[in-house]
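Take a look at the structure set out below.
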Amino acid sequence: MKKFALTSAAFLSLIFASSSAFAYFDICNGGSQAIYTTYVDYQQNITTISLECGSKTLSGSGCYYKAWRSRGWWYIEPGQCKRVLGSSITNRYQYVYAEVAGGGGTVSGPYSIKVRNPAFTYHFNTQSFGSSCIARQTFPNPCPPALFTRGHAVVDSQGYSNFVLTIN
């Protein structure tokens with residue numbers, strides 16, 4: 001295991017794990033107060049996307065979506081970890097936002113990404129691809145907005161399929 005510091009937030013430390021038989025992205029709370037966190041990852045070759053008021057599935061063989069997926073909120077007690085992704089990491093960069101439960105400090109960054117309350121899964125910058133699809137197009141979200149923006153910090157997983165982020 002290797003340890004790295006995330007320079008955009010002095011109280012974050014990263015632990016890489018690349019030898020496990022399982023693939024995952026975990027967020028751990030190394031601090032003294034409970035936190036809430038969100039996680040954003042890039043998904044390729046998916047056929048269903050989540051919207052604020054439901055989901056959309058592509059029809060036609062060979063059609064698929066590529067999209068960023070924003071999810072939250074995970075409540076993490078001090079000394080605990082939550083698995084926010086239970087499959088291989090497919091993109092080098094992920095984005096994380098965290099805040100201390102009950103107010104206080106945050107782990108944030110310059111990347112504005114929409115989140116919502118309560119728990120949510122939301123796809124954005126969605127495009128459809130495939131030989132039987134009419135055209136590559138951005139899919140608009142038909143739902144009324146109930147989202148607000150939070151600044152997320154970028155996490156560089158450097159190509160590892162397993163990753164543990166510890167927030168101190």
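The values are calculated or read from the model by the stated rules, or taken from the named source; none is laboratory data. Values in this document were obtained by computation on a predicted structure and should not be read as measured data. Cβ sites come from the backbone with ideal geometry, for glycine too, and all protein chains shown count toward neighbours.
Of all residues in the range 34-56, which are surrounded by fewer than 14 Cβ atoms within 10 Å (Cβ to Cβ) and modelled with pLDDT of 70 or more?
First pass over the range 34-56, keeping only residues surrounded by fewer than 14 Cβ atoms within 10 Å (Cβ to Cβ): 44-45, 48, 53-55.
Answer for the range 34-56, where residues must be surrounded by fewer than 14 Cβ atoms within 10 Å (Cβ to Cβ) and modelled with pLDDT of 70 or more: Q44, N45, T48.
For I27, state whether it is hydrophobic (A, V, I, L, M, F, W, C), assigned to a strand (DSSP E or B), more than 27 Å from V100 (Cα to Cα) and modelled with pLDDT of 70 or more.
no
At least 1 residues that are modelled with pLDDT under 90, at positive phi and surrounded by fewer than 16 Cβ atoms within 10 Å (Cβ to Cβ) in each: list the strands (runs of 3 or more DSSP E) lying fully within the range 68-155 that qualify.
It comes to 120-129.
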